[in-house]
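Data block below; observations after.
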Amino acid sequence: MKFSDVIGHKELLGRLRDNIDRGRVSHAQLFVGECGWGTLQVALAYVQYLHCPHKEGGDACGKCPSCVQIEALAHPDVHFTFPIINPTKTPTSDSYITEWREMVASSDALFNEHDWYGAIDVSNQQGIIPKKEADNIIRKLSFKAFEGENKSVIIWLPERMNRESANTLLKILEEPWEKTLFVLISEHPEDLLDTIISRTQTVSVGRIEPEELARYAVERLGATPEAAAQAARVAGGSVVALRRALGEGGGASADNFELFTHLMRLSFSNRHLELFEWAEQVAALGREGQKNLLEYSLGLIRESYMLTAGLEGVSHLWGAEREFCLKFAPYVGNHNVEALVAEMERALRDVGQNGNPRMVFSHFALAVSKLIAQRAH
């Protein structure tokens, strides 16, 4: 991927380009930002520019063997690490490299963790980066570079490393190989070891501008200019959210909307027994589906509170979501919004810590129902 292929981030790309041109390449860099904001795109373009021996016009040439191989994610000196499932049976990312290449190519390197697990048919589980993966990185880097001088390792979502793999990676970062670049791409750097963060240079990747999103929607997704502009406004700088707003891959979003509205309607009417049925339904989703629902619900609660506060002009809602939240907003106010957010964040934390889903969501449904019913009655 060339710099010119990246959506937005022109100023950031200029800084990264200048650092390489001036030989100021830190051996370990932490790219921070949501996956939908283009963190992987930026990282791939950065690595391709570093490895390209025939740079032209401030960009990789896109034609040399190095560029062709990197764009195919098949360069012998560029290695990828990402969360996997069942590390006992398939111990490293190499086992999923075909699926990884297909995912990156089909999405323009703009997808999130939930999308990735869906691509490898394990959407009900959460992946990890095991110690075997870190050992594999060491093995690969022990060889001399096959082409040129540089070797690069791109680690997508390093927060999924278990403690053993994190400590192994830390040792590599403390004693780096010459001409070796580590690019860590993280959505939640707070989950990384402080010692890893201290040994990396942070690169903040911000939201994509609405104008860039709208252009992408028209040129790559075939949206009309009107639909593209509306979707870009509500996407929050994320291509993943942009596609969802345009209806691409919207099955999960539609399911989350139905579950959220059903819970709130049960809460309006104080139907406690049916709340337990709702909890059973959510418990069957699997961990990633549960997290996705809770994060989605947090977004709708916050948007509803903005409507209550009279900030409809900056709302990121449209369609059925907007129609529901306009009616639902009076039930979210200063009296309960902090408690509602706290309950959702607590459930997210419990799910992440492998809490019993039936217990987690039974408690969650009852607590939310009580907070909503205070206003309803």
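All of the numbers you see were taken from the coordinates with simple rules; none came from a lab. Just so it is clear, the structure is predicted and the values come from calculations on it, not from any experiment. Neighbour counts are summed over all protein chains in view; Cβ atoms, including those assigned to glycine, are modelled from backbone coordinates with ideal geometry.
So for the chain, taking the charge dipole from beta-carbon charges (+1 Lys/Arg, -1 Asp/Glu), which of 301, 181, 339 sits furthest toward the positive end?
Value: 181.
Note the full-extension length gain between residue 27 and residue 335 as 0.36 nm times their separation in residues minus their Cα-Cα distance, in nm to one decimal. Numbers along the way, then the final one.
Numbers: separation 308, 0.36 × 308 = 110.88 nm, distance 4.95 nm.
Answer, rounded to one decimal: 105.9 nm.
Counting Lys +1, Arg +1, Asp -1, Glu -1, what net charge surrounds residue 1 among other residues with beta carbon under 11 Å of its beta carbon? Write out the running numbers ahead of the final one.
Values: positive: 2; negative: 5, 59, 71, 108.
Result for the neighbourhood of residue 1: -3.
Give me the aspartates and glutamates in straight-line cross-link reach of residue 291: C-alpha distance below 12 Å, same-chain residues under 8 apart excluded.
The reachable aspartates and glutamates, counting only those whose Cα sits under 12 Å from residue 291, are 113, 345, 350.
Once the Cα atoms of helix 337-352 and of the chain are each reduced to a long axis, what angle between those two axes, in degrees from 0 to 90 to the nearest 10, is obtained?
Approximately 50 degrees, to the nearest ten.
What pairs in 63/140; 63/179; 10/63; 2/132; 89/171; 10/132 have C-alpha atoms more than 30 Å from each other?
On the way: 63/140 26 Å; 63/179 23 Å; 10/63 22 Å; 2/132 32 Å; 89/171 26 Å; 10/132 37 Å.
Violating the 30 Å Cα-Cα cut-off are 2/132; 10/132.
Where a ≥ b ≥ c are the square roots of the eigenvalues of the C-alpha gyration tensor, would you call the stretch 132-283 rounded, which needs a/c under 1.5, or, failing that, prolate if a/b is larger than b/c, or oblate?
Numbers: a/c = 3.07, a/b = 1.58, b/c = 1.95.
In terms of gyration-tensor shape, oblate.
Return the distance in nm (one decimal) between the two label points of a simple spin-label model at residue 311 and residue 145, each offset 7 Å from Cα along Cα→Cβ.
4.8
What 222 nm value per residue comes from the helices of the chain, counting each DSSP H run with n ≥ 4 as -39,500 (n - 2.57) and dividing by all residues, nearest 500 deg cm²/dmol? Before the final figure, lay out each step's value.
Working: 17 runs with 204 residues, N = 377.
Here the helix-only value at 222 nm equals -17000 deg cm²/dmol.
To the nearest 10 degrees, how steeply does helix 225-234 sit against the main Cα axis of the chain, on a 0 to 90 scale?
Roughly 80 degrees, rounded to the nearest 10.
Assuming a viscosity of 1.306 mPa s and a temperature of 10 °C, what translational diffusion coefficient in µm² per second does Stokes-Einstein assign to the stretch 1-114, Rh being the Kirkwood radius over Cα pairs?
Values: Rh = 15.0 Å.
In µm²/s, the coefficient rounds to 106.
What does the charge count around residue 218 come to, taking other residues whose C-beta lies under 13 Å from its C-beta (Lys +1, Arg +1, Asp -1, Glu -1)? It would help to have the intermediate numbers written out before the result.
On the way: positive: 215, 220; negative: 211, 212, 219, 226.
Once positives and negatives cancel, what remains is -2.
Need one word for the stretch 3-206: rounded, prolate or oblate. Basis is the Cα gyration tensor (sqrt eigenvalues a ≥ b ≥ c); a/c below 1.5 gives rounded, then a/b vs b/c decides. Display every interim value, and only then the final one.
Numbers: a/c = 1.40, a/b = 1.27, b/c = 1.10.
Rounded.
Whole percent per 20 Å bin, from 0 to the bin with the longest distance: what is P(r) over all C-alpha pairs of the chain?
Spelled out per bin, shortest first, that is 26, 54, 19, 1.
Going by the alpha-carbon gyration tensor, a ≥ b ≥ c the square roots of its eigenvalues, is the stretch 98-142 rounded (a/c under 1.5) or, if a/c is not under 1.5, prolate (a/b greater than b/c) versus oblate? Write down the numbers at each step before the final one.
Numbers: a/c = 2.97, a/b = 1.54, b/c = 1.93.
Judged from the Cα gyration tensor, the stretch 98-142 comes out oblate (a/c at least 1.5, b/c at or above a/b).
Could you give the angle, 0 to 90 degrees to the nearest 10, between helix 39-51's Cα long axis and the longest principal axis of the Cα atoms of the chain?
So the inclination is approximately 0 degrees.
Charges at C-beta only: +1 for Lys and Arg, -1 for Asp and Glu. How large is the resulting dipole of the chain about its Cα centre, in Debye rounded to 20?
With only Lys, Arg, Asp and Glu charged at Cβ, the dipole is about 400 debye.
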